[in-house]
Amino acid sequence: MSRLTALLARETALAWGRGGGPLVAVGFYAGVATLLPLAIGPEPERLRAIAPGAAWVALALASLLSLERLFERDYEDGALDLLTLSPAPLELTCFIKCVGQWLATGAPLALAAPVAAMALGAKAELAPLIFACALLGGIAFAFTGGIGAALSLGARRGGLLTAVIVLPLFVPPVIFGGGALDAFASGLPWRSGFALLGAYAAMAVAIGPLAMAAACRNALS
Amino acid sequence: MRRAAKLSKSLGERLITQLLLKGCAIRRGGRLLFENAELDLRAGEACALTGPNGSGKTSLLRAVAGLVRLEAGEIGFGEVDPAEARGEALHLVGHADGLKAARTAREELTFWSRWCGGGDIGDAAAALDLTTLLDLEVRRLSAGQRRRLALARLLAAPRPLWLLDEPLSPLDARWREGFGALMARHLEGGGMILAAVHDPLPGATKSLEIAG
């Protein structure tokens, strides 16, 4: 157990420092959220309508930022070799790497999400649901994103490849989360969208590590 | 160096006492690197793995660690299941040392020691004369110091089989001798060493040459 807590501490610390860490991710997120009104026009009515959805899409994009380095650095410097030489299965190691990624970028982004949405004009009572969706969606983004990061190991311009692999996997959480927020904002039943988002996150947590470990083994051999 | 004796004693319950390579062949990128590599390494023995550049020494070490698939042949660890042996009984020190440049030597050594099931790093750091360097970031270490930090893992988390890829190359004359003494302690304690080298390996009793 002590080796897994040590790994989690290390992974969170590394993710915190990777590509500028949460500050850059949150800054990027704020940037996208600021650009939108400039492109769409400043009418409060129009902005309020798109605020939850826009906050949600920006979140998916910001989650991509530090993803490419999730496995690549360990692959390049040999740490991934050494991580396999342990009684802990590689699947568990990948799981913990994604949890570290989520703690360092997903959780801070979830805190920023309601702020960004409200800055765009979303109603205050929407904030708790946006936070919950972003927290849950962040798990889905981290674990599906890990699959893309592992699959693009060893490829040139791996970051771009990661984005291309991962964006289709980001579609369901964007639909479910955005749908739940939209429904809540217009007073419709929102629980089904939220439940589907949770189901997708659970699936990503269950299947992601298997795929990541297989991709890592393939890249190492 | 005196502390090293204490460390190798803690090897205590040894997991594996044999490394057996039978007719091993490795193919990389469509090219057959070597075939029919044979080795029977027992507790307390060291083997020098030699061959020209690109002959597959590193690939063979990685195959023993389970990272590279064999084209033919098999690798056995005596009675022990290979997956268990790889998880708990061997160390691999290669060119890529797995150390993160932005973290301190202490953080890295502590993590890898815990990851490999070891404990306190104080004795290991002292044996490789790293104590005063522990609070520096890895990026500030010289190549030789960095290699010593990678080698300190071997002592911090005792495991019977050491797979070393040119362990001596960045070390100065004093540390070549010093690490030779540490290897001798490891062998006395019943350990095994398989090392890819270009220079003679101190304490080696066997050798395996693979053709280029």
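The values are calculated or read from the model by the stated rules, or taken from the named source; none is laboratory data. Fair warning: this is a prediction, and the values are worked out from it, not measured in the lab. Quick reminder, even Gly has a Cβ in these numbers, built from the backbone with ideal geometry, and neighbours come from all protein chains shown.
Each row is one residue, and each column tells you yes or no for (1) surrounded by fewer than 19 Cβ atoms within 10 Å (Cβ to Cβ); (2) within 14 Å of chain A (Cβ to nearest Cβ).
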{"position": "B:ALA46", "(1), (2)": "no, no"}
{"position": "B:GLY51", "(1), (2)": "no, no"}
{"position": "B:ALA65", "(1), (2)": "no, yes"}
{"position": "B:VAL68", "(1), (2)": "no, yes"}
{"position": "B:GLU71", "(1), (2)": "yes, yes"}
{"position": "B:PHE77", "(1), (2)": "no, yes"}
{"position": "B:ALA85", "(1), (2)": "no, yes"}
{"position": "B:ASP97", "(1), (2)": "no, yes"}
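Residue by residue through region A:59-76, note down the ones that are of a type in the set (Asp, Glu), within 14 Å of chain B (Cβ to nearest Cβ) and surrounded by 17 or more Cβ atoms within 10 Å (Cβ to Cβ). Let's see the steps before the verdict.
Applying the first criterion (of a type in the set (Asp, Glu)) to region A:59-76 yields A:68, A:72, A:74, A:76.
Those left that are additionally within 14 Å of chain B (Cβ to nearest Cβ): A:72, A:74, A:76.
Those that are of a type in the set (Asp, Glu), within 14 Å of chain B (Cβ to nearest Cβ) and surrounded by 17 or more Cβ atoms within 10 Å (Cβ to Cβ): A:GLU72, A:ASP74.
Just one of the numbered conditions (1) modelled with pLDDT under 90; (2) assigned to a helix (DSSP H, G or I); (3) in contact with a helix residue (DSSP H, G or I) (Cβ under 9 Å, 6 or more places away or on another chain) is not true of A:LEU160; which one?
Failing condition for A:LEU160: (3).
Can you tell me which residue among B:LEU90, B:LEU60, B:LEU109, B:LEU141 is touching a Phe, Trp or Tyr at 6+ places or on another chain (Cβ under 8 Å), more than 10 Å from chain A (Cβ to nearest Cβ), within 19 Å of A:ALA79 (Cα to Cα) and touching a residue at least 24 places away in the same chain (Cβ under 8 Å)? Outline the logic, then answer.
Details: B:LEU90 fails: more than 10 Å from chain A (Cβ to nearest Cβ); B:LEU109 fails: touching a Phe, Trp or Tyr at 6+ places or on another chain (Cβ under 8 Å); B:LEU141 fails: touching a Phe, Trp or Tyr at 6+ places or on another chain (Cβ under 8 Å).
Criteria check complete, one pass: B:LEU60.
Does A:LEU153 count as surrounded by fewer than 24 Cβ atoms within 10 Å (Cβ to Cβ) and either more than 14 Å from every other protein chain (Cβ to nearest Cβ) or not in a loop (DSSP other than H, G, I, E, B) (or both)? Let's see the steps before the verdict.
Working: surrounded by fewer than 24 Cβ atoms within 10 Å (Cβ to Cβ): yes; either more than 14 Å from every other protein chain (Cβ to nearest Cβ) or not in a loop (DSSP other than H, G, I, E, B) (or both): no.
So A:LEU153 fails the test.
If you go through region A:50-73 one residue at a time, do you hit one that is closer than 30 Å to B:VAL68 by Cβ, among the basic types (Lys, Arg) and in contact (Cβ under 8 Å) with a residue 40 or more places away in the chain?
Yes - at least one qualifying residue is present in region A:50-73.
Filter region A:1-58 down to residues that are away from chain B (no Cβ under 14 Å) and either aromatic (Phe, Trp, Tyr) or in contact with an Asp or Glu (Cβ under 8 Å, 6 or more places away or on another chain) (or both), then give me how many there are.
Filtering region A:1-58 down to residues away from chain B (no Cβ under 14 Å) leaves A:22-58.
Going one step further and asking which of them are either aromatic (Phe, Trp, Tyr) or in contact with an Asp or Glu (Cβ under 8 Å, 6 or more places away or on another chain) (or both), we end up with A:28-29, A:52-53, A:56.
Summing the residues that are away from chain B (no Cβ under 14 Å) and either aromatic (Phe, Trp, Tyr) or in contact with an Asp or Glu (Cβ under 8 Å, 6 or more places away or on another chain) (or both) in region A:1-58 gives 5.
Assuming A:SER186 fulfils every condition listed in (1) under 24 Å from A:LEU47 (Cα atoms); (2) in contact with a helix residue (DSSP H, G or I) (Cβ under 7 Å, 6 or more places away or on another chain) apart from one, which condition is it?
Every listed condition holds for A:SER186 apart from (2).
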